[in-house]
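Q: Before I ask anything, let me first share the structure, which is written out below as structure tokens.
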Amino acid sequence: MFKLEENWVVFFDLFSTNNNGDSIRPVAEELRKQRPDLKFFFCCHKNQKKNIEIADEILINKSLKFKYVCMKAKYIISNMGFPNKRFKRNGQVFIQIWHGSPIKKLYLSKDKTDKRYKKHIKDVKQYKKTDVFCLQGEYFRKIFEEAFNLKSEQLAGTGLPRNDILFKDDKLFDQNLKKQLKLPDNKKVILYSPTWRRYDHKTLLPFDLQYLKKELSDEFVLLLRSHVGRHKWTNENNEPINIFDNEFCFNGGEYPDITDLYRISDILISDYSSAVFDFALTRKPEILYIYDYEDYKKEFGLYFDYNNFTPFPTPRTQEELVNAIKNYPEISVQYEGFVNKYCEYETGCSTQNVISEMLKRGSQK
């Protein structure tokens, strides 16, 4: 009854809006080509059941069928935690494609006096039996070891599959995407994509949109995408605001894959997000808008000192932000140094690297 099913694969993504985003999607698509004999299970919340066309079956998180399949599946691939939080069957293979290299501190890296620290100790136990934890760059090995209490041999320099598309040249795809999002051809695209904050699915718009429009609209348009696309934009009173005019300000939140948006954007504005590393692979300009740097650093803790972290501008006011956009320096050799330091395993082959690691570990059990 409880024998492992050697050809079952569970893709566990409750993080993205479509439950098959981030690095999960490219792995599933390529694995389908290489191993059509495998049966694919995707997971979602009960109130968000999706039509995931690549799935053979969709499982409702925490349902009886979900628990049964997760107990019997040979392979479990996740971009967040693991469904089998309390145990792992002998012979099972856990692949962790974490959703980006961290800037803010994770789990056991946090201050031990933090009132949530005991919960962090409990939470990281699920990662103890990880077979492969995917690294974007060697720099992050020690960070993940500490944060998740992992051993070095559990981490593999695969790169992140979601970024493979950044190494492909497909001008027709880019043109069609810009048309889909109704972006004009004659203006440069600024993508603003900040990281998560404790706003309960709301994100503050930390600048006067009319001011940016007045200063920049002759040359630029603004494409907004909040964390994972799920958050609603608000004013300083935490009230939802309607800001998309399809003239200067456009909505990128309903598009499922932010990596595609990197391809069609000329400048990224972010802050403490893993987007800082991913977008750097395009070698296009970045600006880190850190208007709340001291508060954010105090609340979450950061792995990096923003005074010397990157070669990118770090404005703290909207006036400084506009000035940084207007006067962005030419891309320098420092960009290459940044990519080489933090993203050395990103070569456009990450999807195949993850699949190879997965099948190799599977054959050893």
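The values are calculated or read from the model by the stated rules, or taken from the named source; none is laboratory data. What you see is a predicted model, and the numbers here were worked out from it, not measured in a lab. Don't worry about glycine lacking a Cβ; one is built from the backbone with ideal geometry, like all the others, and counts go over all protein chains shown. Ligands, DNA and RNA are excluded from the accessible area calculation, which covers all protein heavy atoms including side chains. Shrake-Rupley method; radii C 1.70, N 1.55, O 1.52, S 1.80 Å.
Q: Roughly how many Å² is the accessible area per residue of the chain, as a whole number, for a 1.4 Å probe?
A: Numbers: 17430 Å² over 365 residues.
Roughly 48 Å² per residue, with all protein chains present.
Q: I've got another one for you. Could you pull out the pairs from K142/K284; K88/K168; K50/K214; K33/K104; K151/K202 whose alpha carbons sit more than 30 Å apart here?
A: On the way: K142/K284 28 Å; K88/K168 37 Å; K50/K214 40 Å; K33/K104 36 Å; K151/K202 36 Å.
Table pairs above 30 Å Cα-Cα are K88/K168; K50/K214; K33/K104; K151/K202.
Q: Say the dipole of the chain comes from +1 at the beta carbon of Lys and Arg and -1 at that of Asp and Glu; which of L150, P313, Q334 then lies farthest toward its positive end?
A: L150
Q: Hey, another quick one. For K187, which aspartates and glutamates qualify as cross-link partners when the Cα separation must be under 20 Å and same-chain residues fewer than eight apart are set aside?
A: Of all the aspartates and glutamates, those that pass the test against K187 - Cα under 20 Å, at least 8 places apart if same chain - are D170, D174, E215, D218, E219, D245, E247, D260, D266, E286, E330.
Q: May I pose another question? Show the residues, 5+ positions off or on another chain, whose built amide H is closer than 5 Å to the amide H of T203.
A: K232, W233, T234
Q: Express the Stokes-Einstein translational diffusion coefficient of the range 1-146 in µm² s⁻¹, to the nearest whole number, given a Kirkwood radius over alpha-carbon pairs, 10 °C and a viscosity of 1.306 mPa s.
A: Details: Rh = 16.2 Å.
The calculation lands on 98 µm²/s.
Q: For the range 233-254 and the range 296-365, compute the distance between their C-alpha centroids and round to whole Å.
A: One Cα centre to the other: 26 Å.
Q: Oh, and also: What order do you get for 141-151, 160-170 when each peptide is scored by the mean count of other beta carbon atoms within 10 Å, highest first? Intermediate values should be presented prior to the final figure.
A: Working: 141-151: 17.0, 160-170: 18.8.
Final packing ranking: 160-170, 141-151.
Q: If you average the alpha carbon positions of the range 1-24 and of the range 27-104, how far apart do those two centres end up, in angstrom?
A: About 1 Å separates the Cα centre of the range 1-24 from the one of the range 27-104.
Q: ³J(HN,Hα) across the range 249-260 via Karplus (A = 6.51, B = -1.76, C = 1.60, θ = phi - 60°), whole Hz, x for Gly/Pro?
A: 10, 10, 9, x, x, 8, 7, x, 10, 5, 4, 5
Q: Answer rounded, prolate or oblate for the range 191-284, using the Cα gyration tensor with square roots of eigenvalues a ≥ b ≥ c: rounded when a/c is under 1.5, else prolate when a/b is larger than b/c, else oblate. Intermediate results must be reported in sequence, preceding the final value.
A: Values: a/c = 1.70, a/b = 1.12, b/c = 1.52.
Here the range 191-284 falls in the oblate category.
Q: Percent of Cα-Cα pairs per 5 Å bin, from 0 to the last occupied bin, for the range 216-365, please list those.
A: 2, 7, 14, 18, 20, 16, 10, 6, 4, 2, 1, 0, 0
Q: Also, quick follow-up: Please list 99-108, 8-17, 183-192, 28-37 highest first by mean number of surrounding beta-carbon atoms within 10 Å per residue. Walk me through the numbers before you get to the answer.
A: Numbers: 99-108: 19.7, 8-17: 21.4, 183-192: 16.2, 28-37: 13.5.
The most tightly packed comes first, giving 8-17, 99-108, 183-192, 28-37.
Q: For the chain, what is the mean residue ellipticity at 222 nm derived from helices alone (per DSSP H run of n ≥ 4: -39500 (n - 2.57); sum divided by total residues; nearest 500 deg cm²/dmol)? Show your work: numbers first, answer last.
A: Working: 12 runs with 107 residues, N = 365.
For the chain, the value works out to -8000 deg cm²/dmol.
Q: Another one. What's the carbon and sulfur percent of the chain's accessible surface, probe 1.4 angstrom, rounded to a whole number?
A: Details: 8260 of 17430 Å².
Carbon and sulfur: 47 percent of the exposed surface of the chain.
Q: Computed from the mean reciprocal separation of all distinct C-alpha pairs, what Kirkwood hydrodynamic radius does the range 143-182 have, in Å? Provide the component values of the computation, followed by the final result.
A: Working: mean 1/r = 0.0747 Å⁻¹.
By the Kirkwood definition, the hydrodynamic radius is 13.4 Å.
Q: Choose one of Y291, F248, N353: the residue whose Cα lies farthest towards the positive end of the charge dipole of the range 208-365 (beta-carbon charges +1 Lys, Arg; -1 Asp, Glu; about the Cα centre).
A: So the residue we want is N353.
Q: Something else about it: Counting alpha carbon pairs within less than 8 Å and at least 6 residues apart, what relative contact order, in whole percent, applies to the chain?
A: Values: 659 pairs, mean separation 69.3, N = 365.
Result for the chain is 19 percent.
Q: If you don't mind, there's one more thing I want to ask. If N is the number of residues in the range 242-301, what value comes out of its Cα radius of gyration divided by 2.2 N^0.38 Å? All intermediate terms of the calculation are to be shown ahead of the outcome.
A: Working: Rg = 13.5 Å, N = 60, 2.2 N^0.38 = 10.4 Å.
The reported ratio for this selection is 1.30.
Q: About its Cα centre, what dipole magnitude does the chain give when the only charges are +1 on Lys and Arg Cβ and -1 on Asp and Glu Cβ, stated in debye to the nearest 20? Don't jump to the answer; show the numbers that get you there.
A: Details: 60 positive and 51 negative charges, 493 e Å.
Once rounded to the nearest 20, the dipole reads 2360 debye.
Q: Related question: Considering the Cα positions of the range 87-223, please state its Rg to one decimal place and its Dmax as a whole number of Å.
A: Gyration radius and largest Cα-Cα distance of the range 87-223: 20.6, 62 Å.
Q: Amide H to amide H under 5 Å from E5: which residues, 5+ apart in sequence or cross-chain, H placed 1.01 Å off N in plane?
A: Hits under the 5 Å cutoff: A73, K74.
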